[in-house]
Amino acid sequence: MDLDIYYRALTDLRRHTKEDRDCEARRKSISSADTSNDKIEVIKTNCIIEEDWIDAIEKGLVHVGKALGEERQFIRSNGEVIPIEKVKQVSKDSVEHLARHSNLLTRKPEEGRDIIPDQLYTVERLSDFAVYENRFLYMLLCFLRDFIAFRYEKIVELTNTYNGKLEMRKNVHQGGRTTVYELKLDEEIKNDAFLKEHNPAKDKIERIDLILKTVIAYLNTPLMEFVAKAPMLKPPITETNVLRMNKNFKGAKELYYFVSSYSKPGYTVERKTETINPFPDEIADEFAEMVALNAFLAYMHGLGIEKELKANFDKYEKELKEIEKKKRDEQLKSLKKRIKQSGKTDEEYILLLEQRNKALEGESIQLAAAKEEAIKLNGEITSLNNSVAALNEKIEALTEEYSAELKKKSDEHAEEMSAKVARFNEELNRVTSEFNEKIASQRAECENLLFTAELEKAEKQNEYNELLYEIDKLVDEKRLIQARLNAVMHKNGMLKTENFSSQESFDEIEEQYKAFKAFFKDEWRLAKKQIRKDVLNSDYIKNLSEKRYAYEVPKAELDMNSVFGKKPKKRRKRVEKPVEPDEAQYRKMIENKEE
C-alpha cells in the first residue's frame, strides 16, 4: 500500500533529522509560529445498514436457486405432411394421421409388399423453456440486481470515501532566515483501501456484495440466458398454479412482493467532522519537517546544486558501505577466532551451533505447546462458563415456569414442585462444584507447565553461559602454553620467524602475548609478596633489626687481656642497615631464578 511506503519514507527521513540539533531548532521555530492557522478537517461517515432487507433477500434467493434448478419447460409440437422420401422417423401420430387420411395412399402395392404412402405426417417436438414461471424468475432477478446494486453502490461510496482538508500559514524568522509558507489541501479519495478494510459495516457490505454476485450468477445461467430472449414480463404478475403451489416458486413470489413494496433506503447515514487545531507537538513537528523539506527542495532546484549534493550523498553512501563492510569483516574475523579458540574445525563449530539452535528451538516449541495448551484450557473454561450461563438461563426459565405452575396448581402439588426445585438446585450445586474443581485443577496444571518450561529454559541458558566461560578459560590456557612453548623454541633456535609472517599467525601471537602478559602480571604480584616475606624473615635481617650497631672484640686481644687481668677495650664496628631491593632488583632475581 502507498500508506506503508510513505510511512516508511517519513520514518527514514525522521531517523536522520529528528536528533540533529540544527534540524530540531529549525523545526521548533516553524512549529511554534502562527499555530492558530494550522488546521486539519476530516469528514467521517458512519453508515448504519438495516438488516431486514438483507435477511429477506438471502432467504428468498435460496428458493430462487432451487426454482432455477427445476428448469421448467413445455414441449411444443410442429406437424406437417412431407414426401415419404424425406421422412426420418415415424411416430404414433403419423400412423393415426394416415388412418384418417387415406388419400395419401395413391399406389396399389405389389403382391407380397407393404402399403407405402406417397406422403406422411411427421411431428417435431421442441423443448421451450420460456414458460411463464421462468420468465417470472428472470424478471425477479433483474429487479433484484437493480435493487441491490443501487443500495450497494451508495453505501460503498459513502463509507469508503475519504474527504480531508489541510490548511497551514507560517511566517518564520530565525536568525537571518525568513520563511513564509502557505498550504491549502482539499482531497477526496473514492473507494479508499484503508477505509474499506476498517469499515465498521464491513461484514454487512460483504453480505450485500455476495448477494449481488449471486444474483448476477443466476442471471448468467444458460436457462436465464435462454429466457432473456423472450419478452420481459411486466407487473402485475399472474399467480399461476405453480407460483401458488410450488414451494420454491412460492418463496420466489414472496421475495418479489417484499422487494417491490420496500420503499425505504435500507440504511442511515451519519456524518461527523473532526478538526485538529492547533496541532499537538508531535504532529506539529512532523508538519514542520515537511515545511523544511519543501524549503530545501526549492533551494536545491533553484540554485541547481543537485550534482554537488548527489556527489556528497554518494560519498556518504560509499563511506557507509565501507563501514558496514568493515563491520562484517570484523564479525567474520571474530567468528573465525572463536572457531579457532574452540579448537574445532569450521564444520564442527557450525554443527555445534546448529545443535544448540535446534535445542533452543525445541525448547521454544515446548513453551509454545504449553502456551497453546493454556489457550486450549482457557477456551474450555470459556466453554464451560458459557454452559454454566446457559444452565443459569435454563434455571431462570424453569423457575419462572415453576412459579407460573405453582400459582395455577393447588396446594397438593406445591410440595412436589418444591422437591423438584430442590433436586434441581442440588444437581446444579453439584455440577457447579465439579466445574469449579475442574477449573482450579486445569489452571494449576497450566501454571505448573508454564513455570516448569520457564525454569528449564533458565537452567539451559545458565549451562550454556558456563560452557562459554569454560571454553574461554581453556582457550586462554592453551594460548599461555603455546606462548611458553614458542618462547623456549625461539630461545633454542628451533622456531622460524617466517612461520608467523601471515596476518592470522601474527594475530595468534598477539593473543598469546596478551594471555602471557596477564599471566605474568598475576605471577609477579604473588612473587613480590613471597620475596618480601623471605627477605624480612631471614636471620641476618632479624639480627640487624635488633641492633643497628654491633660491637666486636678481636679474639687475640681478648686472650692477652685475660692473661694480664685487664678488661679489653670495646671497639665499635659500624654495620650498615640493610636496604630493601627495589622492583628492578626483584625482577632480576626472578629472571635469574627462572634461568
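The values are calculated or read from the model by the stated rules, or taken from the named source; none is laboratory data. It should be emphasised that the depicted structure is a prediction, and the values quoted were computed from it without experimental measurement. Note: ideal-geometry Cβ built from the backbone for every residue, glycine included; neighbour counts use all protein chains shown. All accessible areas refer to the heavy atoms of the entire protein, side chains included, with ligands and DNA or RNA removed. Shrake-Rupley method; radii C 1.70, N 1.55, O 1.52, S 1.80 Å.
Conditions tested, residue by residue: (1) in contact with a strand residue (DSSP E or B) (Cβ under 7 Å, 6 or more places away or on another chain); (2) surrounded by 10 or more Cβ atoms within 10 Å (Cβ to Cβ); (3) under 29 Å from L468 (Cα atoms).
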position: M290; (1), (2), (3): no, yes, no
position: K307; (1), (2), (3): no, no, no
position: K318; (1), (2), (3): no, yes, no
position: L351; (1), (2), (3): no, yes, yes
position: Q355; (1), (2), (3): no, yes, yes
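Got a number for residues in region 194-220 being assigned to a helix (DSSP H, G or I) and open to solvent by 60 Å² or more (accessible area, probe 1.4 Å)?
So the count comes out to 9.
I'd like to check something: does region 48-68 contain any residue that is in contact with a strand residue (DSSP E or B) (Cβ under 6 Å, 6 or more places away or on another chain) and surrounded by fewer than 13 Cβ atoms within 10 Å (Cβ to Cβ)?
The answer is yes, given that some residue of region 48-68 is in contact with a strand residue (DSSP E or B) (Cβ under 6 Å, 6 or more places away or on another chain) and surrounded by fewer than 13 Cβ atoms within 10 Å (Cβ to Cβ).
So, in region 122-147, of the ones that are at pLDDT 90 or above and open to solvent by 60 Å² or more (accessible area, probe 1.4 Å), which residue ends up nearest to T221 (Cα to Cα)?
R145
Do you know which of the residues in region 453-472 that are open to solvent by less than 80 Å² (accessible area, probe 1.4 Å) and in contact (Cβ under 8 Å) with a residue 24 or more places away in the chain is farthest from R338 (Cα to Cα)?
Here the answer is A453.
Can you tell me which residue is most open to solvent (accessible area, probe 1.4 Å) among those in region 292-305 that are within 21 Å of E24 (Cα to Cα) and hydrophobic (A, V, I, L, M, F, W, C)?
Start the filter on region 292-305 by keeping residues that are within 21 Å of E24 (Cα to Cα), which leaves 292-300.
Filter once more, keeping what is hydrophobic (A, V, I, L, M, F, W, C): 292-293, 295-298, 300.
On the way: A292: 25, L293: 70, A295: 28, F296: 91, L297: 67, A298: 67, M300: 27 Å².
If we take residues in region 292-305 being within 21 Å of E24 (Cα to Cα) and hydrophobic (A, V, I, L, M, F, W, C), then F296 is most open to solvent (accessible area, probe 1.4 Å).
Quick check on my filter: what residues within region 69-119 are open to solvent by 90 Å² or more (accessible area, probe 1.4 Å), under 30 Å from G251 (Cβ atoms) and at pLDDT 75 or above?
Matches in region 69-119: E71 only.
Among the numbered criteria (1) at pLDDT below 90; (2) among the hydroxyl-bearing types (S, T, Y); (3) under 30 Å from I211 (Cα atoms), which one does S334 miss?
Every listed condition holds for S334 apart from (3).
Tell me which residues, restricted to region 255-276, are in contact (Cβ under 8 Å) with a residue 40 or more places away in the chain and part of a helix (DSSP H, G or I). Let's see the steps before the verdict.
Going residue by residue through region 255-276, those that are in contact (Cβ under 8 Å) with a residue 40 or more places away in the chain are 255-256, 258-260, 262, 264-276.
Those that are in contact (Cβ under 8 Å) with a residue 40 or more places away in the chain and part of a helix (DSSP H, G or I): L255, Y256, F258, V259, S260.
Tell me which residues, restricted to region 182-193, are open to solvent by less than 90 Å² (accessible area, probe 1.4 Å) and under 30 Å from D22 (Cα atoms).
Correct list: L183, L185.
Out of all the residues in region 153-167, which are open to solvent by 50 Å² or more (accessible area, probe 1.4 Å) and not basic (K, R)?
If the condition is that a residue be open to solvent by 50 Å² or more (accessible area, probe 1.4 Å) and not basic (K, R), then E153, E157, Y162, E167 are the ones that fit.
Between a residue in region 277-305 that is farther than 14 Å from R14 by Cβ and any residue that is open to solvent by 50 Å² or more (accessible area, probe 1.4 Å) and among the aliphatic types (A, V, I, L, M), which pairs come within a Cβ distance under 8 Å, given they are 6 or more apart or on different chains?
M300/L309
Across region 13-28, what is the number of residues that are in a helix (DSSP H, G or I), more than 15 Å from N294 (Cβ to Cβ) and open to solvent by less than 100 Å² (accessible area, probe 1.4 Å)?
3
Given (1) assigned to a helix (DSSP H, G or I); (2) open to solvent by 90 Å² or more (accessible area, probe 1.4 Å); (3) under 21 Å from G60 (Cα atoms), identify the lone condition not met by P236.
With (1) assigned to a helix (DSSP H, G or I); (2) open to solvent by 90 Å² or more (accessible area, probe 1.4 Å); (3) under 21 Å from G60 (Cα atoms) applied to P236, the lone miss is (1).
Taking region 299-353 only, how many residues are within 20 Å of L474 (Cβ to Cβ) and of a type outside the set (D, E)?
Selection size over region 299-353: 17.
Got at least one residue in region 168-181 being open to solvent by less than 20 Å² (accessible area, probe 1.4 Å) and among the aliphatic types (A, V, I, L, M)?
For region 168-181, residues open to solvent by less than 20 Å² (accessible area, probe 1.4 Å) and among the aliphatic types (A, V, I, L, M): present.
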